[in-house]
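Colleague: Starting off with a structure, shown below.
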Amino acid sequence: MLSALTRYFVIIAVAFIAAFIVLSLWGPEWAIAAGIFVLSIPLVYAYINLARLRKFILADSVENMPLPSGFWEEVFFRLQRLVRNLKQRIRSIEQQHDHFIEAFQASPNGIVMLDENDQIEWCNGIAERFFGLIFKRDVMQRINFLIRRPEFIQYLNRRKFEEPLLLERMGPDSSLSLMLQAFPFGQKRHLLLIQDVTDLQKADAMRRDFVANVSHEMRTPITVLMGFLETVQSLDLKKDQQDQYFDMMMSQAQRMKSLVEDLLTLANLEANALPATNTEVKLQTLMALLKNDAEALSQGKHSFNFDIHSSANLLGDEREILSAFSNLVSNAIRYTPDVGSVNVAWNVNDQGRGEFSVADTGPGIASEHLSRLTERFYRVDRSRSRDTGGTGLGLAIVKHIANRHQAQLIIESTPGRGSTFTLRFPKDRLRS
Ligand code: ADP
C-alpha cells in the first residue's frame, strides 16, 4: 500500500502529465483546467469521506460503517478500532461496577456512601429498610435531613468517627437496635456501615437479667440462713427450739442446692452436644421411675394414673428426658392441692408423633402467663413457687430439653380446673 506522501506525489505527477498532454493538444488554458481537475479529484473524494464519517458519527454507529478504499480506509479502520476498544473498556468498567453493587447489596449490613457534604450518593436495600430511605427519591439528599435522630445528627457534626454509635428503636416498626459507624474514604467522603445488633442487645440484656435474678435468688436464702445462725448463736435456745431453727436452715440450704443444681443442669444443656438419635429410652422403665418419685413427693396426698398407650420408645438422651418428664410431674404435684389428681400418659397420636402428657386438677394458669412460663425465673405466683421448693427454672429446663429433641412443649390450662403439659416428639424420635 502506498504512503500518504507517495500518493500525494503520484497525484501531482498525474496532474502534471495530464496538463502536459492537454497543453500539447489544446493549448495552455485547457492544460491549467486539466491540472486543476486532476488535483481536485482527491479533494472531492476526501470531502465525500468526511461527509460519510460525519454521518456515521452523528448516527453513533461508527463500528458498522463500510470501509472505503485507500488512504481513508486506514482512518476509518483506526477510528472503528478506537471506538470498539473504548466500548469494551466501558463495558468491563460497567460490569465491575455492577459486581460491586451486587456485593454491597448482598451484604447483611446497611451501607450508605456520603459525599463531602453528607449527601447520599448511594445506599443498599438494607440501609433503605433500616432508615426508611428510598434511594431513587433520596439520592443526593443530605442524610441529616432524612435521619432526624438527635444522637445521629450530633455524631455526624462531631466528626469523631473512631467510635460506633448505637441507635435504638429504629427500623420499620421501631424494633431494631442498630450499630452505625462512619469510615472516611476518597476525598472527604464517608462510608456508613450499619449493623443490626438487636439480637446481640437482647442476648446481653438477657444475660444481665439472668445474673441479677440468680444473685437475687441466692441472696434471699443466704440472708435468711445468716439470720437463723445469728439467732442460734446469740440466744440461749432450748434443744427443741434449736432443732426448729436447724430445720429451717436446712430448708434454706436445700433451696440453694436446688437452685445451683438447676443452674448446672441448664449450663450443661447449653454446653453438651446434641442428644444421640439412635439411643433408645424405654418408656416402661421411665414411667416406673416417675411413678416412684411422684408417690414419694406426694406422700399419699394425690391420686395418680400412669398410662402407657403405645409400645413405642423414644430416641434420645435418657437423663435429659427423665429430667424433663419429672419436672412436669413434680410441678403437677407441687401446684395441685391435696386430694387432687395427676394423670401421666404416653401415647402416639394420629400423625404418628409421640406425646408425653401430664394433666392435673390444680389451680390452672391464666392465659396471659402461658407464653412466658418457660422464661427463666418466671413464676405466676412467686411465694407459692418458693413454698413448694420451686426454683423458677423447671420449665426453662423442660423447654431446653424439648428443643434438643426437636419436641414441642404445649401448655393448656383453664384457671380453676387444671393444666395439661404435653411434650410432642417428632416421628423420627420414636422406635417401635
Ligand atoms: P417453679 O420452680 O417455680 O415451679 P417452673 O419453671 O417449673 O418453676 O414453673 C414456672 C411457673 O409456672 C411456676 O412458678 C408456676 O407458677 C407455673 N406452673 C408450672 N407448672 C404448673 C402447674 N402444673 N400448675 C399450675 N402452675 C404451674
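The values are calculated or read from the model by the stated rules, or taken from the named source; none is laboratory data. As the structure is a prediction and not an experimental result, all values here were calculated from the model. Quick reminder, even Gly has a Cβ in these numbers, built from the backbone with ideal geometry, and neighbours come from all protein chains shown. Please note that ligands, DNA and RNA were not included when accessible areas were found on the heavy atoms of the full protein model with its side chains. Shrake-Rupley method; radii C 1.70, N 1.55, O 1.52, S 1.80 Å.
Colleague: Look through 226, 218, 206 and report the one residue that is under 20 Å from the mean Cα position of the chain (by Cα), surrounded by 12 or more Cβ atoms within 10 Å (Cβ to Cβ), over 30 Å from residue 160 (Cα atoms) and not assigned by TED's automatic domain parsing to the domain that holds residue 386.
Modeller: Answer to the selection: 206.
Colleague: In region 389-419, what count of residues is obtained for those that are of a type outside the set (Gly, Ala, Ser), more than 23 Å from residue 207 (Cα to Cα) and near the ligand (Cβ under 7 Å from one of its atoms)?
Modeller: Count: 0.
Colleague: Tell me, please, whether a residue that is among the acidic types (Asp, Glu), within 27 Å of the chain's Cα centre (by Cα) and more than 14 Å from residue 180 (Cβ to Cβ) can be found in region 139-161.
Modeller: no
Colleague: For residues that are in contact (Cβ under 8 Å) with a residue 24 or more places away in the chain and not in a strand (DSSP E or B), scanning just region 163-178, find the one that is most open to solvent (accessible area, probe 1.4 Å).
Modeller: 172
Colleague: Kindly provide the set of residues from region 91-148 that are within 27 Å of residue 168 (Cβ to Cβ), among the basic types (Lys, Arg) and loosely packed, with under 14 Cβ neighbours inside 10 Å, ordered by number.
Modeller: Correct list: 137, 148.
Colleague: Out of 323, 330, report the one residue that is more than 11 Å from the ligand (Cβ to nearest atom) and either of a type in the set (Gly, Ala, Ser) or open to solvent by 10 Å² or more (accessible area, probe 1.4 Å) (or both).
Modeller: 323
Colleague: Search region 21-40 for residues being closer than 20 Å to residue 7 by Cβ and not hydroxyl-bearing (Ser, Thr, Tyr), and hand back the single one that is farthest from the chain's Cα centre (by Cα).
Modeller: Per the stated criteria, the residue is 34.
Colleague: Here's something else I'd like to know. Taking region 274-317, which residues are within 18 Å of residue 424 (Cβ to Cβ), free of Cβ contacts under 8 Å to residues at least 60 places away in the same chain, open to solvent by 40 Å² or more (accessible area, probe 1.4 Å) and not aliphatic (A, V, I, L, M)?
Modeller: Matches in region 274-317: 307, 309.
Colleague: Considering only region 368-382, how many residues are within 8 Å of the ligand (Cβ to nearest atom), open to solvent by less than 70 Å² (accessible area, probe 1.4 Å) and out of contact with any helix residue (DSSP H, G or I) (no Cβ under 9 Å at 6 or more places or on another chain)?
Modeller: Total meeting the criteria: 1.
Colleague: Then there is this: Just a yes or no: is a residue in region 357-366 under 24 Å from residue 219 (Cβ atoms), within 6 Å of the ligand (Cβ to nearest atom) and buried (at least 18 other Cβ atoms within 10 Å of the Cβ)?
Modeller: No; the residues of region 357-366 include none that is under 24 Å from residue 219 (Cβ atoms), within 6 Å of the ligand (Cβ to nearest atom) and buried (at least 18 other Cβ atoms within 10 Å of the Cβ).
Colleague: Give region 396-417 a look and list any residue that's under 23 Å from residue 337 (Cβ atoms) and either modelled with pLDDT under 95 or open to solvent by 20 Å² or more (accessible area, probe 1.4 Å) (or both), or say none.
Modeller: Once the filter is applied, which keeps residues that are under 23 Å from residue 337 (Cβ atoms) and either modelled with pLDDT under 95 or open to solvent by 20 Å² or more (accessible area, probe 1.4 Å) (or both), region 396-417 yields 411, 412, 413, 414, 415, 416, 417.
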